[in-house]
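Chemist: Quick one: the structure is below, questions incoming.
The values are calculated or read from the model by the stated rules, or taken from the named source; none is laboratory data. Everything quoted here is computed from the prediction, not taken from an experiment. Quick reminder, even Gly has a Cβ in these numbers, built from the backbone with ideal geometry, and neighbours come from all protein chains shown.
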Amino acid sequence: MRRLLIAGNWKMNCGPYDAAELLEGLIEKKSEIDENVDVLVCPPFVSIGMAVKYLYDTDIQVGAQNLHFEENGAYTGEISGSMLAESGCNYVIVGHSERRQYFGETDKTVNKRVHKALEHKLAPIVCVGESLEQRKSDKHFGLVKNQITAALHEVSEKDILDVVIAYEPIWAIGTGETASPEQAQEMHEHIRSVLTELYDEDSAEQINILYGGSMKPGNANELLGQKDVDGGLIGGASLDAESFSEIITIAEDLA
Ligand code: 13P
């Protein structure tokens, strides 16, 4: 019952011109692919307008990479949820490990952003995941449970159905190293059991849990083939129309 979601996180790549070029390639390739999989691109803020314009008559959706937790006001350099909604976004990535690591994002601010996203009908893609050190010291399950519990604090039973979780082990991001399909499945199953504890089994079964961390055409089939892996949050490989559409095709074949 869950549809696979293939999402591209472009990170700090592709201004409007490069975005247009990448999207042209993607639209061309995607038109040959069936439509049993949801596809999303998350460009940097300045390229969202371009993406919405290019994608308006396609079924590829547009999301942002972050949002601020206040509505508006004196927050120089920040972008609000209402601005993203007005710009045509349907999704927003929240609490990516790069934001936690480099920009002081905490579980508390992640939770505030999740609430703000939901308020503006933006589906938050909540990122969780452990460092290599945490995995080696066997803290990964507990850590991910805590991250999810904190991020979803006071999210209602109705709103939880709009939330997407992305499991992104930090040691697999941009390193070329991926979690093995077994490691991914094991963590995704754990995440679903945490969601069952926080909500109920029926809700937990409906929530999409994406895997992120060096997903590419060569490993997508195995990862996406796992029972609790409901899609991918893809960095590097989403910057190449060919690779990204290959992953979409692989997902289609599994759908
Ligand atoms: P890579 O696919 O480049 O490893 O990035 C994953 C990621 O961080 C997606 O949010």
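Chemist: How many residues does region 158-183 contain that are in a loop (DSSP other than H, G, I, E, B) and over 20 Å from residue 96 (Cα atoms)?
Modeler: 2
Chemist: Here's a follow-up. Which residue pairs have Cβ atoms under 7 Å apart, sit 6 or more places apart or on different chains, and have a first residue in region 228-248 that is over 16 Å from residue 166 (Cα atoms) and a second that is crowded, with 24+ Cβ neighbours inside 10 Å and among the hydroxyl-bearing types (Ser, Thr, Tyr)?
Modeler: 244/238
Chemist: Still on this structure: Looking at region 184-235, which of its residues are β-branched (Val, Ile, Thr) and part of a strand (DSSP E or B)?
Modeler: 209, 234
Chemist: Here's something else I'd like to know. Would you check which residues across region 1-30 are farther than 16 Å from residue 58 by Cα and hydrophobic (A, V, I, L, M, F, W, C) and list them?
Modeler: 1, 4, 10, 12, 14 - these are the residues of region 1-30 that are farther than 16 Å from residue 58 by Cα and hydrophobic (A, V, I, L, M, F, W, C).
Chemist: Of everything in region 71-120 that's in contact with a strand residue (DSSP E or B) (Cβ under 7 Å, 6 or more places away or on another chain) and of a type in the set (Val, Ile, Thr), which residue is farthest from residue 166 (Cα to Cα)?
Modeler: 79
Chemist: Here is a further query. Of all the strands (runs of 3 or more DSSP E) wholly in region 23-129, which have at least 3 residues that are within 20 Å of residue 232 (Cβ to Cβ) and in contact with a Phe, Trp or Tyr (Cβ under 9 Å, 6 or more places away or on another chain)?
Modeler: Correct list: 38-42, 60-64, 123-128.
Chemist: Next question. How many residues are of a type outside the set (Lys, Arg) and surrounded by fewer than 24 Cβ atoms within 10 Å (Cβ to Cβ) when one looks only at region 108-121?
Modeler: Residues meeting the conditions: 6.
Chemist: Inside region 1-19, can you point out the residues that are among the aliphatic types (A, V, I, L, M) and either surrounded by 16 or more Cβ atoms within 10 Å (Cβ to Cβ) or part of a strand (DSSP E or B) (or both)?
Modeler: 4, 5, 6, 7, 19, listed by residue number.
Chemist: If we keep just the residues of region 112-140 that are within 14 Å of the ligand (Cβ to nearest atom) and within 21 Å of residue 40 (Cβ to Cβ), which is nearest to the chain's Cα centre (by Cα)?
Modeler: So, considering only residues that are within 14 Å of the ligand (Cβ to nearest atom) and within 21 Å of residue 40 (Cβ to Cβ), the one nearest to the chain's Cα centre (by Cα) is 125.
Chemist: Evaluate the following for residue 78: is it surrounded by fewer than 21 Cβ atoms within 10 Å (Cβ to Cβ), in contact (Cβ under 8 Å) with a residue 40 or more places away in the chain and either on the phi > 0 side of the Ramachandran plot or not polar (S, T, N, Q) (or both)?
Modeler: So residue 78 fails the test.
Chemist: Still on this structure: Quick one: residue 205 ticks every box in (1) surrounded by 17 or more Cβ atoms within 10 Å (Cβ to Cβ); (2) away from the ligand (no atom under 16 Å from the Cβ); (3) of a type in the set (Asp, Glu); (4) in contact (Cβ under 8 Å) with a residue 60 or more places away in the chain bar one, so which box is it?
Modeler: (1)
To keep it simple, each residue is scored yes or no on (1) modelled with pLDDT under 95; (2) under 16 Å from the mean Cα position of the chain (by Cα); (3) farther than 26 Å from residue 190 by Cα.
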position: 62; (1), (2), (3): no, yes, yes
position: 65; (1), (2), (3): no, yes, no
position: 73; (1), (2), (3): no, no, yes
position: 86; (1), (2), (3): no, no, yes
position: 103; (1), (2), (3): no, no, yes
position: 110; (1), (2), (3): no, yes, no
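Chemist: Would you confirm, using the coordinates I've provided, whether residue 37 is touching a strand residue (DSSP E or B) at 6+ places or on another chain (Cβ under 7 Å) and either surrounded by 15 or more Cβ atoms within 10 Å (Cβ to Cβ) or not charged (D, E, K, R) (or both)?
Modeler: For residue 37, the condition - touching a strand residue (DSSP E or B) at 6+ places or on another chain (Cβ under 7 Å) and either surrounded by 15 or more Cβ atoms within 10 Å (Cβ to Cβ) or not charged (D, E, K, R) (or both) - is met.
Chemist: Sticking with this structure for a sec: Going by the conditions given, is residue 150 in contact (Cβ under 8 Å) with a residue 40 or more places away in the chain, in contact with a Cys (Cβ under 7 Å, 6 or more places away or on another chain) and either of a type in the set (Gly, Ala, Ser) or in a helix (DSSP H, G or I) (or both)?
Modeler: Here the answer is no, as residue 150 does not meet what is asked.
Chemist: Return the residues of region 141-178 that are within 16 Å of the ligand (Cβ to nearest atom), small (Gly, Ala, Ser) and in contact with a helix residue (DSSP H, G or I) (Cβ under 6 Å, 6 or more places away or on another chain); say none if nothing qualifies.
Modeler: The answer is 151, and nothing else.
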